[in-house]
Amino acid sequence: MKTSIICALCTILVTGLAAAGPLPAQKAQSAPIVRSAVWWSDAARILAGEAPKAGVLGKAAELPSVQRHRAAFERSWSQFEQSRLKPTMKFAQEEIATQRQAEGPVFYPFSGPDAMYALSMFPGARSYVLAGLEPVGELPDLGVLSDADFEASLAEVRRSLRSLRAFSFFRTKDMSAEFSKNQFSGVTPILLLFIARQGFAVQNVEQIILEPDARLSLTNPAGLLNLTPDRIPGLRISFVKAGDAQARTLYYFTADLSNEGVARAPQMLKWAANLAPKATYLKSASYLMHAAHFSQVRNFILARSELIVQDDSGIPVRFFSSNHWERTFYGAYEGPIRLFANRYQGDLREAYAASAKPLEFGIGYDHKARASNIQRFVRKRLALDDRMDRRGIQVATP
C-alpha cells in the first residue's frame, strides 16, 4: 500500500518502535514464548504507568526510569481521561450499550492499536478483532532490561500517545533513526497498555498466524517475520476484570484490507465471518471505504454487522437505507477535514440538518468538542415476508 495511504491510516509509533535489530528468521512453527499470567499483568501495568500487583517484576518496577514514567504518565493520562475517555464511556453506556449487538463480537478494521476506544465504546463485549497495517512486534523480558533501556523506551511510549490524547487518533511519525535504542516494537506494548488502563488484568499474549485455510497457528515473535503474503501475522490477548465469569479476547492482525490485499489473503474476512461479528466500529478510517478498491471489506461489514458505530470516515451514508437501518446521528457534520475534502457527503449533511443528537466531546479527525460526529446504524428486524440478503438489498421471496 502506498505511503500516503499508510499515513492516513492513523498509524502509530509502532514502525518506529523497532528493536535495535531484527530477530533472526525462524520457522513459523517455532515454539511460542510462555510467560505466566502474573508476568503479563505486571508488565502491562508497568507500561501503563501503574504499579505491578504481583511483584513478579518488582525489581523493574523500582528502577528510577520506571518510577519517572509512572509519575509522568499519570499526569498526562488524567487529562486525557477527563477530557475524552470518560465522556466517550458515558456516551457508550447511554447510546451504544443499550443495543444487544454491542455485546459483540466487535470488528474494528483500520484500527491500528486503538484498543482503548474499542473497549470504551463496547465495554460489554467478550471478543474484539482489530486490524491495521502496523506490525505485531513483541514485548521483551522486562526483567532483564537496564534502567537506560527503560528510560528510552518508556519515554517513546509516552511520546507516541500524544496524538491520541490531543486528537483521539494516532498519527504517523518517522522515528526509525531517533529511537534506534527502543526495546519495544509493534502494536503489542500499546495494546497491553490500553487494556491495563481500562482496569483489566492481562492473562496471556500469543503470537499467531492466520493461515491460508483460515486456521490460527501459534508461533513466537521470530515466527512472524518474513511471512509469505498469503499468511497473516497476528496477536491474541486474553484479559479479565474483577467479576468477569470468563476471559475476554482481543485479536490483532496485520492485514491489508484493500481489494488487492483481500485477494492475496482472503482468509482474513473468512475467519472474521466465522467469528460472526455482531458490531463493527469505524473511527478515523481514512475514508477508504468510500473508494471502489475497498468495496470487499465494506460489503463484508454491511452484510455481517447488526450494529455499526462510526464517524463520517467510515462507510458513506448512502449505503444505509432508512428502510433497512435505524439511523441515529450525533454531533455535527459540516464536511471532512481539508486532507479529505473530496469525501464530502451532501446526503449526510442533509441527514444531520434534519435530525441530530448533541455530542459533547471531540473524537476522530475533527476532534474539537461539538464539531465531531458519530453515527449509529442498527439493522431493522424484518417481517417474515420481507426477505433481503445481508447487504440490505431486498430479494424475492421464494
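The values are calculated or read from the model by the stated rules, or taken from the named source; none is laboratory data. These figures come from a predicted structure and were not determined experimentally. Positions of Cβ are generated from backbone atoms using ideal geometry, with glycine treated the same way; all protein chains shown enter the neighbour counts.
Give me the pairs, please: first residue somewhere in segment 80-100 and touching a residue at least 12 places away in the same chain (Cβ under 8 Å) and of a type in the set (Lys, Arg), second residue anywhere and surrounded by fewer than 18 Cβ atoms within 10 Å (Cβ to Cβ) and in a helix (DSSP H, G or I), beta-carbon distance under 8 Å, and either six or more positions apart or on two chains. Going by the 8 Å Cβ cut-off, the qualifying pairs are 84/165. Report, by residue number, each residue of segment 28-69 that is buried (at least 21 other Cβ atoms within 10 Å of the Cβ), part of a loop (DSSP other than H, G, I, E, B) and in contact with a strand residue (DSSP E or B) (Cβ under 9 Å, 6 or more places away or on another chain). Correct list: 28 only. Scanning segment 299-335 for residues that are of a type outside the set (Val, Ile, Thr) and in a strand (DSSP E or B) turns up 307, 310, 325, 326, 327, 329, 330, 331.
Of the residues that make up segment 165-173, is at least one out of contact with any Leu (no Cβ under 9 Å at 6 or more places or on another chain), modelled with pLDDT of 90 or more and either more than 25 Å from residue 62 (Cα to Cα) or surrounded by 24 or more Cβ atoms within 10 Å (Cβ to Cβ) (or both)? No, that holds for no residue. Scanning segment 355-388 for residues being among the charged types (D, E, K, R), modelled with pLDDT of 50 or more and part of a loop (DSSP other than H, G, I, E, B) gives a total of 6.
Under the condition of being surrounded by 13 or more Cβ atoms within 10 Å (Cβ to Cβ) and either free of Cβ contacts under 8 Å to residues at least 24 places away in the same chain or of a type outside the set (A, V, I, L, M, F, W, C) (or both), the residues counted in segment 344-356 number 4. For segment 137-160, filtering for residues that are crowded, with 23+ Cβ neighbours inside 10 Å and under 15 Å from residue 253 (Cα atoms) leaves 1.
Residue count for segment 108-152 satisfying the condition of being among the hydrophobic types (A, V, I, L, M, F, W, C), in a loop (DSSP other than H, G, I, E, B) and closer than 22 Å to residue 70 by Cβ: 2. Selection of first residues in segment 33-45 that are touching a residue at least 12 places away in the same chain (Cβ under 8 Å) and of second residues that are in a helix (DSSP H, G or I), restricted to Cβ pairs under 6 Å at least 6 apart or on distinct chains, gives the following pairs, ordered by first then second residue: 43/142; 44/192; 44/196; 45/196. In the set (1) in contact (Cβ under 8 Å) with a residue 12 or more places away in the chain; (2) closer than 20 Å to residue 53 by Cα, residue 214 fails one condition alone, (2). The residues of segment 292-320 that are more than 20 Å from residue 272 (Cα to Cα) and surrounded by 15 or more Cβ atoms within 10 Å (Cβ to Cβ), listed by number, are 311, 312, 313, 316, 317, 319, 320.
Consider segment 230-246 and keep the residues that are modelled with pLDDT of 95 or more and assigned to a loop (DSSP other than H, G, I, E, B). The one that is nearest to residue 118 (Cα to Cα) is 231.
The set of residues in segment 296-337 that are of a type in the set (Asp, Glu) and farther than 20 Å from residue 365 by Cβ comprises 306, 326.
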